[in-house]
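K.L.:
Sharing a structure below in structure tokens format, with a few things to ask.
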Amino acid sequence: MQRDKLRAAVMMCAAATLAAAAVPTSASARSSSPARTVAVDCFSASQVRPGDFLLACGDGNNRLISLRWTQWGPASAAGSGLDAVNDCQPYCAAGTFHSYPVKVRLDRPRSWENHPELQHFTRLQLTYTHSTPADTHRVVTYKLWD
């Protein structure tokens, strides 16, 4: 009886070893894995589904916050959040931030020079769903940096 248990255990280990050898150990073992698509921020950091995203790199007076993504794919991304904009009244350092609800779309992916294994979105479009900041159209499109 002991011998039968030992034989069964050896057979199960052999079967498990053969099954493991037939399966690739990781997705990176495949040569045709697709490139990931990311958003690149002002500091050249790649982000996937960021919760916030700085638009005004020089002075920080415009930033997307509370972002929630409904879709993130290789060709585009869509979500919603708030556009926090400094009114710079009487001047930017003493200004007040106001938040405006927006729908966000990222698209036009392209290979990223800094990291060729990644694609990065090169266009961001905001659609204001209620009011807009002063002198701002309801739909605004930004070219994103490389």
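K.L.:
How much accessible area does TYR91 have with a 1.4 Å probe, in Å² rounded to the nearest 10?
P.N.:
140
K.L.:
With a 1.4 Å probe and all protein chains in place, put HIS137, HIS120, HIS98 in order of accessible area, largest first.
P.N.:
I get HIS137, HIS98, HIS120, largest accessible area first.
K.L.:
Hey, any idea what Rg/Rh is for region 42-146, computing Rh the Kirkwood way over Cα pairs?
P.N.:
So for region 42-146, dividing Rg by the Kirkwood Rh gives 0.98.
K.L.:
Whole angstrom only: what separates the Cα centroid of region 65-97 from the Cα centroid of region 103-146?
P.N.:
Centre-to-centre distance over Cα atoms comes out at 11 Å.
K.L.:
Ok, one more. Quick one: length gained pulling TRP145 to SER76 fully straight, 0.36 nm per residue minus the C-alpha distance?
P.N.:
23.2 nm
K.L.:
What FRET efficiency comes out for TRP69 versus THR96 if R0 is 30 angstrom and r is the Cβ-Cβ distance? Round to the nearest 0.05.
P.N.:
0.60
K.L.:
In addition: Tally Lys/Arg at +1 and Asp/Glu at -1 over every other residue whose Cβ is under 13 Å from the Cβ of PRO101; what's the total?
P.N.:
So the surrounding residues net to +2.
K.L.:
Ranked by accessible surface with a 1.4 Å probe, highest first, in what order do THR70, THR96, THR132 come?
P.N.:
Ranking THR70, THR96, THR132 by accessible area, largest first, yields THR70, THR96, THR132.
K.L.:
Output needed for region 84-146: three equivalent-ellipsoid semi-axes, defined as square roots of 5 times the C-alpha gyration tensor eigenvalues, in descending order, whole Å.
P.N.:
Over the Cα atoms of region 84-146, the semi-axes work out to 29, 16, 8 Å.
The values are calculated or read from the model by the stated rules, or taken from the named source; none is laboratory data. It should be emphasised that the depicted structure is a prediction, and the values quoted were computed from it without experimental measurement. So basically every Cβ, Gly included, is an ideal-geometry build from the backbone, and we count neighbours across all protein chains shown. With ligands, DNA and RNA removed, areas are computed over all heavy atoms of the protein, side chains included. Shrake-Rupley method; radii C 1.70, N 1.55, O 1.52, S 1.80 Å.
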